[in-house]
Amino acid sequence: MEHLKIASDNYVAFTFFIGTMAMMAASVFFFFELNNTSPKWRTSVLVSGLITFIAAVHYYYMRGYNLETGDSPTFFRYVDWILTVPLMCVEFYLITKKAGAKIGLLWKLILASLVMLVTGYFGETIDVKNSVLWGVVSGAAYFYIVYLVWMGDVAKLAQSAGPQVAKATKVLAWFVLVGWAIYPLGYILGTEHGLFGMILIKDQVSARHYMDIVYNIADAINKIGFGLVIYSLSRSSED
Ligand SMILES: *C/C=C(C)/C=C/C=C(C)/C=C/C1=C(C)CCCC1(C)C
């Protein structure tokens with residue numbers, strides 16, 4: 001068996017490697033901090049750790065897959081997202097629960113995120129010819145989530161949950177609006193028959209490479225950043 005090494009100009013493999021390590025480190029941090037987190041916030045910080053831990057396991061796999069095949073690990077990318085994005089919805093539910101969030105709100109968020117991801121997966125793999133159409137449907141579900149956290153129930157509940165929850169929810173809402181918007185950018189860059197990916201990059205192989213780099217950067221920002229917002233909320237609280 002040949003020893004696989006990352007070439008110094010292989011940015012795709014490199015970001016998979018860094019991504020794995022960052023997700024692992026973040027998980028260790030969140031899990032170890034559980035002990036000195038007040039019981040009120042413990043579940044939220046635990047979920048932050050679960051998000052980065054699930055990502056770490058997927059990144060470990062995707063890193064190896066990409067190194068061995070040079071391909072984009074699309075399937076496991078989406079398995080990761082389908083597990084971690086609903087958990088991010090759980091975070092919104094948990095921090096607004098004290099202000100009266102109902103389980104129905106959680107289901108709305110989860111359902112929208114599943115529609116967003118499943119249609120995105122169709123556009124990237126099963127029905128690439130219609131990738132623009134699938135991207136638009138996925139984008140609609142994405143904007144529904146943006147609506148819920150900026151103006152809908154999540155935003156309203158956060159207002160009545162005290163200044164600290166309100167502030168944290170606002171930061172998380174920025175993550176959803178700006179951090180999550182990086183993903184459709186990667187999709188547009190890397191998907192065949194996409195809006196302008198093929199015009200900008202020409203060949204499909206390097207288009208997928210750009211897409212992986214964009215997705216890897218977005219994951220690090222969103223999963224670890226999101227967790228740190230929850231973590232600082234757990235520290236800022238009076239009780
Ligand atoms: C930890 C993983 C996260 C936060 C993943 C988020 C993924 C998205 C917000 C993906 C969105 C997409 C669109 C809005 C349109 C094109 C297809 C997707 C799935 C890339």
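The values are calculated or read from the model by the stated rules, or taken from the named source; none is laboratory data. Predicted, not measured: the structure shown is a model, and the values here were computed from it. Cβ atoms come from the backbone with ideal geometry, glycine included; neighbour counts cover every protein chain shown. For accessibility, only protein heavy atoms count, side chains too; no ligands or nucleic acids. Shrake-Rupley method; radii C 1.70, N 1.55, O 1.52, S 1.80 Å.
Could you grab me the full set of residues in segment 51-102 that are more than 15 Å from the ligand (Cβ to nearest atom), open to solvent by less than 40 Å² (accessible area, probe 1.4 Å) and among the hydroxyl-bearing types (Ser, Thr, Tyr)?
Tyr93, Thr96
Need a quick list: helices (runs of 4 or more DSSP H) entirely within segment 1-108 having at least 3 residues that are among the aliphatic types (A, V, I, L, M) and more than 16 Å from the chain's Cα centre (by Cα).
Fully inside segment 1-108 and qualifying: 11-33, 39-69.
Of all residues in segment 103-125, which are of a type in the set (Ser, Thr, Tyr) and within 11 Å of the ligand (Cβ to nearest atom)?
Ser113, Thr119, Tyr121, listed by residue number.
Give me the pairs: first residue in segment 120-143 and closer than 18 Å to Pro86 by Cβ, second residue open to solvent by 60 Å² or more (accessible area, probe 1.4 Å), beta-carbon distance under 7 Å, and six or more apart or on different chains, which are they?
Between residues of segment 120-143 that are closer than 18 Å to Pro86 by Cβ and residues that are open to solvent by 60 Å² or more (accessible area, probe 1.4 Å), the close pairs are Gly120/Trp134; Ala141/Val115.
So, restricting to helices (runs of 4 or more DSSP H) that lie completely within segment 110-199, which ones have at least 2 residues that are charged (D, E, K, R) and open to solvent by less than 30 Å² (accessible area, probe 1.4 Å)?
Filter on segment 110-199 gives an empty set.
Please indicate, with yes or no, whether at least one residue in segment 59-82 is touching a Lys or Arg at 6+ places or on another chain (Cβ under 8 Å) and without any contact (Cβ under 8 Å) to a residue 40 or more places away in the chain.
no
The rows are residues; the columns are (1) farther than 22 Å from Asp219 by Cβ; (2) at pLDDT 95 or above.
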residue	(1), (2)
Phe17	no, yes
Ala26	no, yes
Arg42	yes, yes
Gly70	no, no
Trp81	no, yes
Cys89	no, yes
Leu109	no, yes
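Quick one: would you say Tyr147 is under 27 Å from Ser234 (Cα atoms), free of Cβ contacts under 8 Å to residues at least 40 places away in the same chain and in contact with a Leu (Cβ under 7 Å, 6 or more places away or on another chain)? Let's see the steps before the verdict.
Working: under 27 Å from Ser234 (Cα atoms): yes; free of Cβ contacts under 8 Å to residues at least 40 places away in the same chain: yes; in contact with a Leu (Cβ under 7 Å, 6 or more places away or on another chain): no.
Answer is no for this residue.
To keep it simple, each residue is scored yes or no on (1) out of contact with any Lys or Arg (no Cβ under 6 Å at 6 or more places or on another chain); (2) modelled with pLDDT of 95 or more; (3) of a type in the set (S, T, N, Q); (4) within 13 Å of the ligand (Cβ to nearest atom).
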position: Val132; (1), (2), (3), (4): yes, no, no, yes
position: Leu157; (1), (2), (3), (4): yes, yes, no, no
position: Pro163; (1), (2), (3), (4): yes, no, no, no
position: Lys170; (1), (2), (3), (4): yes, yes, no, no
position: Leu195; (1), (2), (3), (4): yes, no, no, yes
position: Asp203; (1), (2), (3), (4): yes, no, no, no
position: Asp219; (1), (2), (3), (4): yes, yes, no, yes
position: Ile224; (1), (2), (3), (4): yes, yes, no, yes
position: Tyr231; (1), (2), (3), (4): yes, yes, no, no
